[in-house]
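Heads up: the structure comes next, in C-alpha cells.
Where a number appears in this text, it was derived from the coordinates with a stated rule and is not lab data. The structure displayed is predicted, hence computed values, not measured ones. Note: ideal-geometry Cβ built from the backbone for every residue, glycine included; neighbour counts use all protein chains shown.
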Ligand code: FAD
C-alpha cells in the first residue's frame with residue numbers, strides 16, 4: 001500500500017504524531033507491533049505504574065491517619081482485583097485511542113515493520129492473520145519505535161523470579177523479599193508499590209546516591225522516607241552475579257554492604273533503557289545512529305534521510321512520554337513546512353515516589369557542571385500552612401535563578417504531589433519569567449502551589465512565612 005505519512009510505532013510519540021497529521025489533512029498509516037495503541041507508556045510504563053502507585057499512596061495515607069486518631073484495620077489485598085482494575089484503566093485508555101484513530105481515519109496496521117529502503121517498509125504479521133499488503137511505501141516516515149529495558153546477559157536467568165519493569169507491573173505475587181537493582185526512578189517507583197503491598201524491598205545502586213544526576217537536596221527527603229519503607233538501600237554497591245536457587249534468587253554483591261551474598265524471593269532489574277533502533281533495517285536508509293543507538297535528528301526531528309524523521313525514546317534523551325508527544329507534533333508541523341523546532345527551555349521530569357520529586361529547566365547540578373553561576377532560593381515546606389495541615393512537611397521547593405537578569409532558569413520540588421506542581425514552573429521558564437513575575441502571581445491559599453510563590457519571595461528577600469531578609473532586595 002501507499003501512504004503519505006507512515007508512523008512506525010503507536011506509543012505516545014507515534015499516536016500524537018499520527019493524530020495531528022491526520023487532523024492537518026495528511027493521509028496517515030500507523031504500524032504497530034502490539035494489538036493495542038499506547039506503547040510502553042500506556043501498556044507497560046507510565047499508566048500501569050501510576051495506577052499501582054495510586055494504591056500504594058492511598059494505603060500510606062490511610063496509615064498516616066492514625067496520627068489524627070483514625071485507625072483502620074490492616075488492609076486485605078486481593079491481587080486479582082488489583083490486576084483487573086489496572087487492566088480496566090488500560091482498556092479504557094487504549095479503547096479511547098482506537099476510537100480516536102478510527103474517527104481520524106488513520107489506518108492502523110498490526111505488524112512488525114522493517115525498512116527495505118528510504119521509502120518502503122516491509123511488514124510481517126505478528127498475530128498469525130495474513131496481512132492485506134506486506135509493504136508500505138511512503139513519502140515520509142516518522143520512526144517512533146521507543147525503547148526497551150537494558151538487559152544484562154549475565155543476569156538473564158530463565159526464571160520469572162528475575163523480572164524487568166514489565167514483569168513487575170504484571171504483579172505476579174507479593175514476594176516476601178524483592179531486590180531492586182538500580183536506584184533510578186523506575187526501580188524506586190516499583191519498589192514503592194511492592195513495599196506498600198508488604199514485600200521487604202531492598203535497593204542496590206552502584207553510585208553514591210539514589211536517582212543519580214538529580215539534585216541531592218531534592219533526593220534527601222525521599223531517601224529518608226524510603227529508609228522507613230524499604231528494608232535496605234545499598235549505595236556504592238553492585239550485583240555481580242545471580243543464581244537461581246529454585247524458591248529464591250541468590251545474589252552476590254560487591255561494595256559497601258555488610259552481607260555479600262543474600263537471597264531474595266524476586267529480583268527486579270531496572271538498570272536503564274535502550275532505544276529500539278536495532279533490527280529495523282535502518283542500514284538500508286540514510287539514517288544515522290549514534291554510539292548509544294539513538295537516531296540522530298535535527299531540531300525538526302529530521303534524520304539524515306530526507307524521507308525519515310524520528311521522535312520519542314528512539315530519538316534521544318530524556319526518555320519521557322511528554323517529550324515524545326511534543327516531538328511528534330513538531331515533526332508533523334515541520335513536514336507541513338511550518339517554521340518549528342524542538343528547543344524547549346524546560347522538559348519536566350517527575351519521580352512518582354512518596355514524596356514525589358519533580359524538576360524542570362536548569363538544575364543546580366547542571367549549573368555546577370557548566371560552571372554557571374546561579375542563585376538558588378529554597379522554601380522548606382515546614383513553613384507552608386497546607387503542608388502542615390496534611391502532615392507532609394518534608395517537602396521543599398526551589399528556584400534556580402540567573403543572578404544577573406533574575407530570570408527563572410530552573411525549578412525543583414520534592415514533596416507530596418510535586419509532579420502536579422511543576423507545571424507552573426515549566427510555564428514560567430518557557431515564558432522567560434523573572435522571579436518577580438512569580439512573586440507577583442497570586443497563588444491560592446492554602447495550597448502547596450503557594451510554595452512556588454514563597455520560594456520566589458525568598459529570592460527577593462520578601463518572604464512572609466520565613467525570616468530571610470536579603471541584601472539585594474533592590475534588584476526585584
Ligand atoms: P514507546 O512508548 O516505547 O512506543 C513504541 C512503540 O513502537 C511500541 O508500542 C512498540 O511495540 C512499537 N514498535 C517498536 N518496533 C516496532 C516495529 N519494528 N514495528 C512495529 N512497531 C514497533 N514516562 C513519563 O513521561 N512519565 C512516566 O511516569 C513514565 N513512567 C514509566 C514507567 C515505566 C515502568 C517505564 C518502563 C517507562 C516509563 N516512562 C514514563 C517512559 C515512557 O513510557 C516512554 O518515554 C514513552 O513510552 C516513549 O514513547 P515512544 O512513543 O517514544 O515509544
**Report entry** At R0 = 30 Å, FRET efficiency that the Cβ-Cβ distance of residue 27 and residue 126 yields, to 0.05
**Finding:** 0.80
Report summary line: D (µm²/s, integer) via Stokes-Einstein for segment 153-271, Kirkwood Rh across alpha-carbon pairs, 4 °C, 1.567 mPa s: value 92
Query raised in the report: Nearest 0.05, what FRET efficiency do residue 66 and residue 220 give at R0 = 35 Å with Cβ-Cβ as r?
Result: 0.85
**Report entry** Ranked 368, 238, 86, criterion: other C-beta atoms within 10 Å, fewest first
**Finding:** 368, 238, 86
Report task. Please report, to one decimal in angstroms, the Kirkwood hydrodynamic radius of segment 12-58 built from all distinct Cα-Cα pairs. Result -> 12.3
Report task. Could you tell me what percent of the DSSP beta bridges with both partners in the chain are antiparallel, to the nearest 5? Result -> 60
Report summary line: Here, residue 286 and residue 388, labelled 7 Å along Cα→Cβ, have an inter-label distance in nm of 6.5
Query raised in the report: Sorted by average packing, counted as other Cβ atoms within 10 angstrom per residue and highest first, what order do 181-192, 125-136, 244-255, 152-163 take?
Result: 181-192, 244-255, 152-163, 125-136
Report task. Calculate the spin-label point distance for residue 365 paired with residue 170, positioning each point 7 Å from the Cα along the beta-carbon direction, and give it in nanometres. Result -> 3.2
Report task. Among DSSP beta bridges lying fully in segment 121-233, give the percent that are antiparallel, nearest 5. Result -> 20
Report summary line: Listing 433, 141 by rising number of other beta-carbon atoms within 10 angstrom, fewest first, gives 433, 141
Report summary line: When all Cα-Cα pair distances of segment 420-471 are considered, the percent exceeding 16 Å is 38
Query raised in the report: If R0 is 51 Å, what FRET efficiency do you get for residue 77 and residue 118 from their C-beta distance, rounded to 0.05?
Result: 0.45
Requested in this report: Return the calculated 222 nm mean residue ellipticity for the chain, to the nearest 500 deg cm²/dmol, obtained by summing -39500 (n - 2.57) across DSSP H runs with n ≥ 4 and dividing by the residue count.
Outcome: -9500 deg cm²/dmol
Query raised in the report: Hey, can you rank 287-298, 450-461 by average C-beta count inside 10 Å, highest first?
Result: 450-461, 287-298
Query raised in the report: Dimensions of segment 349-460 along principal axes (Cα, Å, largest first)?
Result: 38, 29, 21
**Report entry** Percentage of interatomic Cα-Cα distances in the chain larger than 29 Å
**Finding:** 56
Query raised in the report: How do the peptides 418-425, 441-448, 169-176, 77-84 rank, highest first, by the average count of neighbouring beta carbon atoms within 10 Å per residue?
Result: 418-425, 169-176, 441-448, 77-84
Requested in this report: In whole angstrom, note down how far apart the Cα centers of segment 198-274 and segment 93-156 are.
Outcome: 36
Report task. Convert 4 °C to kelvin, take the viscosity as 1.567 mPa s, use the Kirkwood radius over C-alpha pairs of segment 58-199 as Rh, and evaluate the Stokes-Einstein diffusion coefficient in µm²/s, rounded to a whole number. Result -> 65
Requested in this report: Fewest Cβ neighbours within 10 Å first, please rank 359, 381, 68 accordingly.
Outcome: 68, 381, 359
